[in-house]
């Protein structure tokens, strides 16, 4: 009777976990988790303490409201038309610079407008945006 030899070295290498490799993976996962959590806490905390209100990425970011600004369309014939911006702005947030982004959009929506005049309530910010035809 003849017995065949079976080589188990390849099977044993696959089944036995390498404890050093397992520790490295667990350490890498723990470092990643701790770093991610530290960033998620540190960034809003820094913004809350040192940035002017309302700060982007701060915990108060969505809790600051703003008064409705006044917008007027200055038409090419020189007349002025008061504009209600509620159809164009869904939510007035204090951290969104409406005066920077809304006038160019209004110029696109109203091609007869020569300029957009705006005044922000509770703020000295007022100005006129010239539409380019």
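Using the number of other C-beta atoms within 10 angstrom as an exposure proxy, rank 89, 46 with the fewest first. All intermediate terms of the calculation are to be shown ahead of the outcome.
Values: 89 17, 46 13.
In order of increasing Cβ crowding within 10 Å: 46, 89.
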If only Cα atoms are counted, what is the Rg of the range 70-130, and what is its Dmax, in Å? 11.2, 35
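Treat the count of other C-beta atoms within 10 Å as a stand-in for reagent exposure and order 105, 117, 3 from fewest to most. Mind showing how you got there, number by number?
Numbers: 105 12, 117 17, 3 5.
Ranking 105, 117, 3 by Cβ neighbours within 10 Å, fewest first, gives 3, 105, 117.
Rule-based calculations on the coordinates, nothing more; no lab input. These numbers come from a predicted model, not from an experiment. Using ideal geometry, Cβ is built from the backbone for each residue, glycine included, and neighbour counts are taken over all protein chains shown.
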